[in-house]
Structure formats: C-alpha cells, structure tokens
Amino acid sequence: MKNTLCIITLLATFKAGTAFAATGAGGGGISLAGWIFIGFLGVVITFQFIPCLFMFGSMMASIFGKAKGGKNVVENGKTNHS
C-alpha cells in the first residue's frame, strides 16, 4: 500500500509538471465581463457629463447674459441710474 501511494504521488507530480509547462492557453482579448464593465463606466461618465453641460450653459448665460427683471447692474459698488 505504501509503495502504491508513493508511485501514484510520483506520477502525479510528473504529470502536473508537464501540464503546467504546456503553452496551450492562448488567451487574448477582453472577456464579456470586461466589456460590460467598460460599458458601465461609459454610462456613468455620460450621466455625469449631461448635467455638467446644463450647469456650464446656465453659468455662461448668467455671466455673459443681460440682467433680467429690470434690476440695475451694480458695478464697483455703485448703481447705474442713467
């Protein structure tokens, strides 16, 4: 029994050594999970970018737009009544 166990262990070690040395694993490319993750990142970036455009547009309109509601624009602490 002891000899059989030693022989089986020895054969398994040699077979595992040749199996690990094999180069048949020709991997390459991104798996489906990788593409799903990249797509998820694209969706997150898109949904962050759309509100950013709205905020940027309203900021530019408030900076370069005309004063609304008939209010006088204050410049250097003084109102222009002319």
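The values are calculated or read from the model by the stated rules, or taken from the named source; none is laboratory data. In this text the structure is predicted, and so the values were computed from the model without any measurement. All Cβ positions, glycine included, derive from the backbone under ideal geometry; neighbour counts span all protein chains shown.
Read through the list (1) at pLDDT 80 or above; (2) not in a helix (DSSP H, G or I), then give the number of the only condition that G42 fails.
Against the list (1) at pLDDT 80 or above; (2) not in a helix (DSSP H, G or I), G42 comes up short only on (2).
Answer with yes or no whether K66 is modelled with pLDDT of 60 or more, among the basic types (K, R) and either under 18 Å from the mean Cα position of the chain (by Cα) or surrounded by 10 or more Cβ atoms within 10 Å (Cβ to Cβ) (or both).
For K66, the condition - modelled with pLDDT of 60 or more, among the basic types (K, R) and either under 18 Å from the mean Cα position of the chain (by Cα) or surrounded by 10 or more Cβ atoms within 10 Å (Cβ to Cβ) (or both) - is not met.
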